[in-house]
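Chemist: Following this message is one structure expressed as structure tokens.
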């Protein structure tokens, strides 16, 4: 039933968007990009800049009172989202080099991007631990092949692409942001809206992601993402109809 609702909302929004001009559509994407960037950095737990300051930073390109790294993380993520949007709308392939390109944008000016980690990492508050660094190349190669050959629905494919990267943790930093951007690449490429995970849903998201990592059960995360996507469609349609 939920899948049917999502498809109904997707067709409805498509009809609404057909009546918008390019400038209106661009503003819609820019507004989402701001919210998405704020949420993504909050989910990562590495950036505490308030939402209104995130908006000001993306407009002014600099803010007094915040570290250079904090500001670069925000500017980089927004730029990476716009790259993913344009790339997916052009239906360009999502391969390993593309994932590395996305990572390079996310960490630009902060650390070397686009290269897999060459050390092991361990998380003391999680049951699952990422694979040994010597296995990362093989795991990523296999994961990208599985994404390409995936036989499930678009939502399942997008969530699988995201969750696999989060599980492998191929980079030293920025893995969560890259994983979400990859998910949105799959969604946009297949005609869906991109999605942001609201900060208030952070713990639920982490619980479902950990279930996949430990138990290899992706269903709870798919259900969670699908419900968020339905809500996103409803919110966008409502906002567009109100402003019409």
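The values are calculated or read from the model by the stated rules, or taken from the named source; none is laboratory data. Worth saying up front: this structure is predicted, and the values here are computed from it rather than measured. Here the Cβ is made from the backbone with ideal geometry for all residues, glycine too, and neighbour counts use every protein chain on show.
Chemist: Just to be sure, is residue 172 surrounded by fewer than 23 Cβ atoms within 10 Å (Cβ to Cβ) and farther than 21 Å from residue 124 by Cβ?
Modeler: Answer is no for this residue.
Chemist: For residues that are out of contact with any helix residue (DSSP H, G or I) (no Cβ under 7 Å at 6 or more places or on another chain), closer than 25 Å to residue 80 by Cα and assigned to a helix (DSSP H, G or I), tally how many sit in region 1-54.
Modeler: Going through region 1-54 one residue at a time, the tally reaches 13.
Chemist: Taking residue 170 as meeting all but one of (1) closer than 23 Å to residue 110 by Cα; (2) in a helix (DSSP H, G or I), write down the number of the exception.
Modeler: (2)
Chemist: Would you mind telling me which numbered condition in (1) touching a residue at least 60 places away in the same chain (Cβ under 8 Å); (2) out of contact with any helix residue (DSSP H, G or I) (no Cβ under 8 Å at 6 or more places or on another chain); (3) farther than 25 Å from residue 82 by Cα residue 215 fails?
Modeler: Evaluating residue 215 over (1) touching a residue at least 60 places away in the same chain (Cβ under 8 Å); (2) out of contact with any helix residue (DSSP H, G or I) (no Cβ under 8 Å at 6 or more places or on another chain); (3) farther than 25 Å from residue 82 by Cα leaves (1) as the failure.
Chemist: Something else: Restricting attention to region 19-48, and to residues there that are farther than 21 Å from residue 184 by Cα and loosely packed, with under 14 Cβ neighbours inside 10 Å, which single residue is modelled with the highest pLDDT?
Modeler: 23
Chemist: For region 190-212, give me the residue count where each residue is touching a residue at least 40 places away in the same chain (Cβ under 8 Å), surrounded by fewer than 20 Cβ atoms within 10 Å (Cβ to Cβ) and in a helix (DSSP H, G or I).
Modeler: Of the residues in that region, 4 qualify.
Chemist: Mind checking which residues of region 84-97 are buried (at least 18 other Cβ atoms within 10 Å of the Cβ) and in a helix (DSSP H, G or I)?
Modeler: Of everything in region 84-97, those that are buried (at least 18 other Cβ atoms within 10 Å of the Cβ) and in a helix (DSSP H, G or I) turn out to be 84, 85, 87, 88.
Chemist: Those residues that are part of a loop (DSSP other than H, G, I, E, B), surrounded by fewer than 15 Cβ atoms within 10 Å (Cβ to Cβ) and touching a residue at least 12 places away in the same chain (Cβ under 8 Å), I need them from region 122-163; list them, please.
Modeler: Scanning region 122-163 gives 126, 127, 132, 153.
Chemist: Here's another thing I want to ask about it. Would you confirm whether or not region 219-237 contains a residue that is in a loop (DSSP other than H, G, I, E, B), crowded, with 16+ Cβ neighbours inside 10 Å and out of contact with any strand residue (DSSP E or B) (no Cβ under 6 Å at 6 or more places or on another chain)?
Modeler: No: region 219-237 contains no residue that is in a loop (DSSP other than H, G, I, E, B), crowded, with 16+ Cβ neighbours inside 10 Å and out of contact with any strand residue (DSSP E or B) (no Cβ under 6 Å at 6 or more places or on another chain).
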